[in-house]
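Engineer: Sharing a structure, written as C-alpha cells. Questions coming.
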Amino acid sequence: MSESTPFRAAAAGRPVAISIRNVSQRFGDAGSPNEVVAVDDMSLDVRRGEFVCLLGPSGCGKSTLLNIVGGLFPATDGVVMVGDKPVKGPLPRDISFVFQESTLFPWYTIRENFDVAFKFQNVAKSEWASRTKQALEAVNMGAFIDHYPNQLSVGMRQRVNLARGIALGTDIILMDEPFAALDEQTRMVLGEDLSELLAKTGKTIVFVTHSLAEAVFLSDRIFVMTARPGRIKSIIEVDEPHPRSPDFMLTPKFSELRNQAYALLRDEVRQAIALAREAEAAHA
C-alpha cells in the first residue's frame, strides 16, 4: 500500500530507531550559481527492527541522507536522532556501515580485518574470536577466516563486509548499494541472506539501492525519492514477513509493488536525466 504523505509516525509498540526531522543538505555557497540542494526538508522515522530502502534516481540525495544519519557529515539544517541521541558525529557503538566497495584491508586476513574493527570500537578482546566466527558463519563464510581479501571473489568480499557489520553488534546497519557491483544471481542470493539476517537478529537496516526488484524483495517500507533536490515522494509498504523466499518474486503481489515503484520513479528519472544534461551544457 502506498502513502501519499511524506511522513508516517512509527506504529504503536514499535520504538523509533532513527528519527529524521526537517533535514536539508546544501553544497556550495548559499544563493550562488554553484549551490546544490541535495536533500530538501526531509522528515521520516525508521522503526526498530525495520528494513527500509531509499529508492530514487541518481543524484537524488540517497547516499547523502545515509551519510548524515551515520554522522559522516552534519546536515545543513534539521536534526537526526538515533534513539535518544542527536547525531553529531559517528556513533560506532550504535551504527555500522556496509559500502558498495569493499573496505577490507588487503594486507590483513579476514580475521585480522575483524580484529581492527573491534579494536576501533573498543570491543573486549575476549569477544573477538566468538563474534568473528558467529558472524562469518551467518553468511556462510566461516571457512575463509584466514584468507586474504584478494583470495575472495567480489561477492564473497561483500559477504564478509556484511558479516563485519553484524559482528560489531550495532543495532543499526546502514548499507549504501552494497550489491551494486555484483552479478544478478549473486545479488539475489545475498538478498536472501540479508532477509534471513533480519529475521534472526532484528537489526534495523537502511538500504540505498537503484534496483526496483531489490527494494521490493528486501524492504518493509520503500521511501521513493524525487529527483534533486531529494524529497520523499511516496512510501510503499511491503507487507511480507522475513525471511523472504525467492518464490515471493514470482507472485502477483511482487509484480504489483514493483510496477508501483516504477510508476512513481519514471518521471523522477526523466527529471534527473534532464538535470544532468543541463549541468553538462553549463560546463561545456
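Engineer: Only residues in the range 234-252 that are over 26 Å from Asp45 (Cβ atoms) count as the first member; pair them with residues that are in a loop (DSSP other than H, G, I, E, B) and modelled with pLDDT under 95, Cβ under 7 angstrom, at least 6 apart or cross-chain, and list the lot.
Structural biologist: none
Engineer: Among the candidates Ala215, Ala227, Ala163, which residue alone is surrounded by 24 or more Cβ atoms within 10 Å (Cβ to Cβ) and farther than 28 Å from Asn22 by Cα?
Structural biologist: Of the residues listed, the single one that is surrounded by 24 or more Cβ atoms within 10 Å (Cβ to Cβ) and farther than 28 Å from Asn22 by Cα is Ala163.
Engineer: I'm checking my understanding of the structure. Among residues of the range 36-57 that are more than 20 Å from Lys203 (Cβ to Cβ) and in contact with a helix residue (DSSP H, G or I) (Cβ under 6 Å, 6 or more places away or on another chain), which one is surrounded by the fewest Cβ atoms within 10 Å (Cβ to Cβ)?
Structural biologist: Looking at the filtered set, the residue picked out is Ala38.
Condition check ((1) assigned by TED's automatic domain parsing to the domain that holds Val80; (2) without any contact (Cβ under 8 Å) to a residue 24 or more places away in the chain; (3) of a type in the set (Phe, Trp, Tyr); (4) not in a helix (DSSP H, G or I)) across all residues:
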site: Glu127; (1), (2), (3), (4): no, yes, no, no
site: Ala135; (1), (2), (3), (4): no, no, no, no
site: Asn140; (1), (2), (3), (4): no, no, no, yes
site: Gln158; (1), (2), (3), (4): no, no, no, no
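Engineer: Tally the residues that are in a loop (DSSP other than H, G, I, E, B) and within 17 Å of the chain's Cα centre (by Cα), restricting the search to the range 19-69.
Structural biologist: Counting residues in the range 19-69 that are in a loop (DSSP other than H, G, I, E, B) and within 17 Å of the chain's Cα centre (by Cα) gives 9.
Engineer: Looking only at the range 244-263, how many residues end up being surrounded by 15 or more Cβ atoms within 10 Å (Cβ to Cβ) and not hydrophobic (A, V, I, L, M, F, W, C)?
Structural biologist: 3
Engineer: Has the range 222-237 got any residue that is part of a helix (DSSP H, G or I) and either among the basic types (Lys, Arg) or touching a helix residue (DSSP H, G or I) at 6+ places or on another chain (Cβ under 7 Å) (or both)?
Structural biologist: no
Engineer: Which of the residues belonging to the range 76-97 are buried (at least 17 other Cβ atoms within 10 Å of the Cβ), part of a strand (DSSP E or B) and without any contact (Cβ under 8 Å) to a residue 60 or more places away in the chain?
Structural biologist: Passing the criteria: only Gly78.
The values are calculated or read from the model by the stated rules, or taken from the named source; none is laboratory data. Values in this document were obtained by computation on a predicted structure and should not be read as measured data. As a convention, Cβ positions derive from the backbone with ideal geometry for all residues, glycine included, and neighbour counts pool all protein chains shown.
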